[in-house]
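Just below is one structure, and these are the notes that go with it.
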Amino acid sequence: MKARLGVNIDHVATLRQARGENYPSIVDAASTVLRDGADQITIHLREDRRHIQDTDVEAVHLVTKKFGKPLNLEMGCNDEIVEIAVATAPNWVCLVPEKREEKTTEGGLDLKTKANYDKVMSTCKYLKSKVEGIKISLFLEGDIETLTLASEMPIDAVEVHTGDYARAFLNDENYDEFISQYKNAKVFLTSKKIGCHAGHGLTAQSLMPLLENNLFEEYNIGHWIICQALFDGLSKVVKDMLTSMSDYPYTLKD
C-alpha cells in the first residue's frame, strides 16, 4: 500500500489572521489539496486560536466529507477544545502538547509524568465514549519507553515527532540515530497493532530517507508545503510530493 499524505493547512489560516481578512480561504485550500490527491486534511485548533478558528473546524470537516477523506484534528487536552471535537466528530483526533509561548509544537507529549499520563488517558477515554468511531493518535517522541506507555491507552496510532530529525537533515548532520529509533518504533507499534505515523518539520527532501527506509504509513506535512506553494502553487507542490511518495510503497515488514 502507499503511504498516506495528510496536508496541514494551518498556515493558510496564519496568513488570513495576519490581516484579519476573509482570505486566503481555508476551505479553498482544503478543497485544492484533496482534489489533487491528498489523503486527509490536518488542522490544529490551538487554545490561543493563533491560526485555525472554531468555525474553521466545521467548515473544513464539511469539505473532507464532500471528498470522502478524513479530517485529522490536532488539539491539546483542553476541556473546551475537547468539547469542540465532540461536537464536530472528526474522523481523527491527534493529541499534542501545547504551550502558549511556543512558535510551534516543540516535542511530543510527556507521558512519563503521572499527571500528564492521567490527563491524556482520561481525554482518550472521554473522546472514545462520546464520538462513535473516532480514531485517536498521540504525538510522541519515538523512544520505546514512551511508546510502551502509549500502548496502554485506547489509541489507534502514534504520530512520531520528526522535528529533531528534520533539523539534523537540514543542517547536514548525521541522522542515523533517528532512522534507527524510528525503525524500532515501527516494529514495536506494529506488534501492538497501533498505526505508525510521522510529522513535524518535514520537507520534500527530508521526507525521502523516511520513505526509503519504509518507516511510516502516514505523513502529516504543512509548513513546508504552504511555504513552497508561494513559488510553485499549492496544487503542484501536493502533486509532486504524492508522486515522490508513490515510488515507495509502505509495507508492515522491512
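Which sequence of Arg35, Arg46, Arg4 reflects their accessible areas, 1.4 Å probe, from the largest down?
Heavy-atom accessible area, descending, gives Arg35, Arg4, Arg46.
What's the whole-number percent of alpha carbon pairs in the stretch 87-173 lying beyond 22 angstrom?
Of all Cα-Cα pairs in the stretch 87-173, 31 percent lie more than 22 Å apart.
From the cross-link list Lys192/Lys253; Lys69/Lys239; Lys69/Lys119; Lys193/Lys253; Lys65/Lys119; Lys66/Lys135, which pairs have alpha carbons spaced over 21 Å apart?
Correct reply: Lys69/Lys119; Lys65/Lys119.
Counting only C-alpha contacts under 8 Å and six or more residues apart, can you give the relative contact order of the stretch 82-163 as a whole percent?
Values: 111 pairs, mean separation 28.6, N = 82.
So the answer I get is 35 percent.
GluC sites (Glu not before Pro), restricted to the stretch 12-91: which are DSSP loop and have at most 16 other Cβ atoms within 10 Å? Before the final figure, lay out the partial values.
Numbers: sites: Glu21, Glu47, Glu58, Glu74, Glu80, Glu83; in loops: Glu21, Glu47.
Passing sites in the stretch 12-91 are Glu21, Glu47.
Please arrange Asp10, Asp247, Asp48 by accessible surface area, largest first, computed with a 1.4 Å probe and ligands excluded.
Highest to lowest solvent-accessible surface, that is Asp247, Asp48, Asp10.
For the chain, what is the accessible area per residue in Å² when the probe is 1.4 Å?
Per-residue accessible area for the chain comes out at 46 Å².
If Lys and Arg each add +1 and Asp and Glu each add -1, what is the summed charge of the other residues whose beta carbon sits under 14 Å from the beta carbon of Ile225?
Cβ neighbours under 14 Å give a net charge of -3.
Out of every Cα pair in the stretch 5-70, what percent are spaced more than 17 Å from each other? Numbers along the way, then the final one.
Working: 715 of 2145 pairs.
Of all Cα-Cα pairs in the stretch 5-70, 33 percent lie more than 17 Å apart.
Taking the Cα centre of each part, how many Å lie between the stretch 129-203 and the stretch 1-58?
22 Å
Carbon and sulfur atoms: what percent of the 1.4 Å accessible area of the stretch 168-254 do they account for?
Details: 2300 of 4460 Å².
Accessible surface attributable to carbon and sulfur in the stretch 168-254 totals 51 percent.
Rounded to the nearest 500 deg cm²/dmol, what is the calculated helix-only ellipticity per residue at 222 nm for the chain, with -39500 (n - 2.57) per DSSP H run of length n ≥ 4?
Per the formula, -15000 deg cm²/dmol.
In percent, how large is the relative contact order of the stretch 109-220, given Cα pairs closer than 8 Å and 6 or more residues apart?
Relative contact order for the stretch 109-220 comes out at 24 percent.
Compute the Cα gyration tensor for the stretch 1-113, then decide on rounded, prolate or oblate, letting a ≥ b ≥ c be the square roots of its eigenvalues: rounded whenever a/c is under 1.5, prolate when a/b is larger than b/c in the other cases, and oblate in all that remain.
Oblate is the answer for the stretch 1-113, as a/c is 1.5 or above yet b/c matches or exceeds a/b.
Can you pull a Stokes-Einstein diffusion coefficient for the chain at 4 °C (1.567 mPa s), Rh from Kirkwood over Cα pairs, as a whole number of µm²/s?
71 µm²/s
Evaluate the relative contact order of the chain (contact order divided by residue number), counting alpha-carbon pairs under 8 angstrom at least 6 apart; express in whole percent. Please list the in-between numbers first.
Numbers: 455 pairs, mean separation 53.1, N = 254.
It comes to 21 percent, rounded to a whole number.
The values are calculated or read from the model by the stated rules, or taken from the named source; none is laboratory data. What you see is a predicted model, and the numbers here were worked out from it, not measured in a lab. Ideal geometry is used to build each Cβ from the backbone, glycine not excepted, and the neighbour counts take in all protein chains shown. In case anyone asks, the SASA skips ligands and DNA or RNA and just uses the protein heavy atoms, side chains included. Shrake-Rupley method; radii C 1.70, N 1.55, O 1.52, S 1.80 Å.
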